Amino acid sequence: IFCRPPSHHNNRFVYAPQFRAFSTHESSKKPRRFVRILAAGGCAVLGSAAYIAATSDLKTSQLVKITERMGRNACGVVSSVVDYKYTYWKMKSMTPEEQEEATRNVHLRGAHRLLHACTSNGGLYVKIGQILAQMEHLLPHEYVQTMKSMFQSCPHTSYDDVLEVLQEELKTDPFAVFASLSPEPIASASLAQVHVGYLRDPQTGGRGPKVAVKVQHRGLIETSLLDIRSLDFFVRQIKRVFKDFQYGWFVDEVKLNLPNELDFRLEGLNAEKCAANFKNNPQVKVPRIYWPFTSQRVLVMEFEEGCSVTDVNELKRMKLDLQDVARLMSQTFSEQMFVHGFVHADPHPGNVLIRRMPNSSKPLLVMLDHGLYRTLGDEFKFNYCQLWRSLIMGDAEGIKQAALKLNAGELYPYFAAMLTYKSWDDIVASDRSKLQRKLTKEESTRLQQYAVQYAGEIGDVLHRVPREMLLLFKTNDCLRYVDRQLGAPINSYLVMSEYCLRGIRQYHRQTNPGVWSAIQDFQEQLHLALRMKMFKIYVWLLSWLNYAVIFPTEPTTA
């Protein structure tokens, strides 16, 4: 909706074809059109409730609850539609400066309606709000900034409910397992909250190891399943009305990933596999899982100290070098993506802790929240390595070929821009420093305008590419945000290039064993390594000449 101001509105935004049905004509038809919109919203709510009631075994209280949520959603959507249409109608008589101000204000009002719906509904909607807060390349600035508060407004389960969930899952009195358990959580997220506790020593009955106890919010499984059904219904109805609507992938991803995130036993398995992958790296730590006390809704793990990876003041207080922290962060997740093929898909600052290594000035990275992972197949991982190698080297033909293998087709320039948050001209420029240089405010605004202008193409890319890419987009957004918060003290593309080469070597060894293949592989890798080395020298010279090559430092996601 926010993509559609009047056509003469300075081309700041452009028409999105999927919203063409909402176009307005003369003002005399507006009241009738608004009535139709209100009626459609009411029918959608009733239709959704009827559909869900007919296709599931629901209690009356559950049906009332989900109808209330859908009613709240419909009211918010209809209010925003009317607000946007009326505002854009009024813009016809405004000056360009007044149009700019009116656009900002209507975006802000719409963002607050969305925030109210997500916080009031809770559960899955909190997760959706947090995802929207990271879509700075797709949403107006007012939406992104407003939705950031979703990271601080997660639901809290009462201590009594926490004890009841523990009782149900452990099949015994919680205090037969825990010597103590903090009444207040130390962290709360959309799906669960974490309490500090001490296991009971089986021999003495006193305090045992210090643990973090992750407890799922009560009733979340039932409400989330209902929310998925209603969301699926709405998206299918939108697709029926707007043939160009290409965002059904979002519901498909939620339907695929949410059940896994709601089973903490799978999170424990992911954590152990991640720990095994980094067992030879002393700078990466994954908490130990206490399996006797872990179930579908409860996860008990070793308690790990540390501060958030973006807490610059605390990092400096610990006398840690921000370059070392940024490099460790980039190395860890590059190794996951390009070498292991087992990727943490939600590395936001709350899930990554940093502390000093014992008897060392080096940082130690603690990885938390292993509920959402994606395993990359060997062929996909190789194509992804080839893509990033070509992006780093500015090889337009290589980018095209790798993107074709990842099913982006002729939309490969949009695909590359979405991965790097850079314009195509900067990606393929002979001056490779453009890939890393700081964006000006005007360039950042222009990229946001391009995102709106080519919303259809972006949606088509997301619909086409393998499902693995969707979580990698999210991972890249999170890592880019962390890098900006740290002031982007290193050239992260150079770090990524090293792991791209490792991933390519690994694939060649697996698929082409033998001496002659090894010699050919060595020649190719030597050639690439020399090009990367020259690139490093070039970047160092630019930095030495006081032209620091860095990412934007302005935070735009959470």
For strands (runs of 3 or more DSSP E) lying entirely in the stretch 134-225, having 1 or more residues that are modelled with pLDDT of 95 or more and under 27 Å from the mean Cα position of the chain (by Cα) picks out 192-200, 207-216
Taking the stated definitions as given, is His116 in contact with a strand residue (DSSP E or B) (Cβ under 7 Å, 6 or more places away or on another chain) and either part of a helix (DSSP H, G or I) or open to solvent by 40 Å² or more (accessible area, probe 1.4 Å) (or both)? no
If I filter the stretch 270-279 down to residues being under 17 Å from Asn351 (Cβ atoms) and of a type in the set (A, V, I, L, M), which single residue comes out as surrounded by the fewest Cβ atoms within 10 Å (Cβ to Cβ)? Ala275
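Check whether at least one residue in the stretch 283-294 is within 18 Å of Tyr499 (Cα to Cα) and in contact (Cβ under 8 Å) with a residue 24 or more places away in the chain, and report yes or no.
To start, the set of residues in the stretch 283-294 that are within 18 Å of Tyr499 (Cα to Cα) comprises 283-284.
Checking which are in contact (Cβ under 8 Å) with a residue 24 or more places away in the chain leaves us with 283-284.
Yes, the stretch 283-294 has at least one match.
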Answer with yes or no whether Glu498 is within 31 Å of the chain's Cα centre (by Cα), assigned to a helix (DSSP H, G or I), modelled with pLDDT of 65 or more and surrounded by fewer than 19 Cβ atoms within 10 Å (Cβ to Cβ). yes
Suppose we keep only residues that are β-branched (Val, Ile, Thr), under 12 Å from Gly110 (Cβ atoms) and open to solvent by 20 Å² or more (accessible area, probe 1.4 Å) within the stretch 63-91. Which one would you say is modelled with the lowest pLDDT? Val77
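With respect to Ile504, determine if the residue is in contact with a Phe, Trp or Tyr (Cβ under 8 Å, 6 or more places away or on another chain), modelled with pLDDT of 80 or more and open to solvent by less than 20 Å² (accessible area, probe 1.4 Å).
Details: in contact with a Phe, Trp or Tyr (Cβ under 8 Å, 6 or more places away or on another chain): yes; modelled with pLDDT of 80 or more: yes; open to solvent by less than 20 Å² (accessible area, probe 1.4 Å): yes.
For Ile504, the condition - in contact with a Phe, Trp or Tyr (Cβ under 8 Å, 6 or more places away or on another chain), modelled with pLDDT of 80 or more and open to solvent by less than 20 Å² (accessible area, probe 1.4 Å) - is met.
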Out of the residues in the stretch 282-313 meeting the condition of being among the aromatic types (Phe, Trp, Tyr) and part of a helix (DSSP H, G or I), tell me which one is most open to solvent (accessible area, probe 1.4 Å). Trp291
Going through the stretch 380-411 in order, the residues found to be more than 14 Å from Lys422 (Cβ to Cβ) and among the hydroxyl-bearing types (Ser, Thr, Tyr) are Tyr384
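Against the definition (free of Cβ contacts under 8 Å to residues at least 60 places away in the same chain, of a type in the set (Phe, Trp, Tyr), surrounded by 20 or more Cβ atoms within 10 Å (Cβ to Cβ) and within 20 Å of Pro466 (Cα to Cα)), how does Phe382 come out, yes or no?
Details: free of Cβ contacts under 8 Å to residues at least 60 places away in the same chain: no; of a type in the set (Phe, Trp, Tyr): yes; surrounded by 20 or more Cβ atoms within 10 Å (Cβ to Cβ): yes; within 20 Å of Pro466 (Cα to Cα): yes.
Here the answer is no, as Phe382 does not meet what is asked.
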Residues of the stretch 389-407 being modelled with pLDDT of 90 or more and either outside any helix (DSSP H, G or I) or of a type outside the set (Gly, Ala, Ser) (or both), which ones? Glu397, Ile399, Lys400, Gln401, Leu404, Lys405, Leu406, Asn407
Test: residue in the stretch 355-377 that is assigned to a helix (DSSP H, G or I), buried (at least 18 other Cβ atoms within 10 Å of the Cβ), in contact with a Phe, Trp or Tyr (Cβ under 8 Å, 6 or more places away or on another chain) and modelled with pLDDT of 90 or more: no
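The values are calculated or read from the model by the stated rules, or taken from the named source; none is laboratory data. Please read these numbers as outputs of a predicted model, since none were measured by experiment. FYI the Cβ positions are ideal-geometry reconstructions off the backbone, even for glycines, and counts take in every protein chain you see. Ligands, DNA and RNA are excluded from the accessible area calculation, which covers all protein heavy atoms including side chains. Shrake-Rupley method; radii C 1.70, N 1.55, O 1.52, S 1.80 Å.
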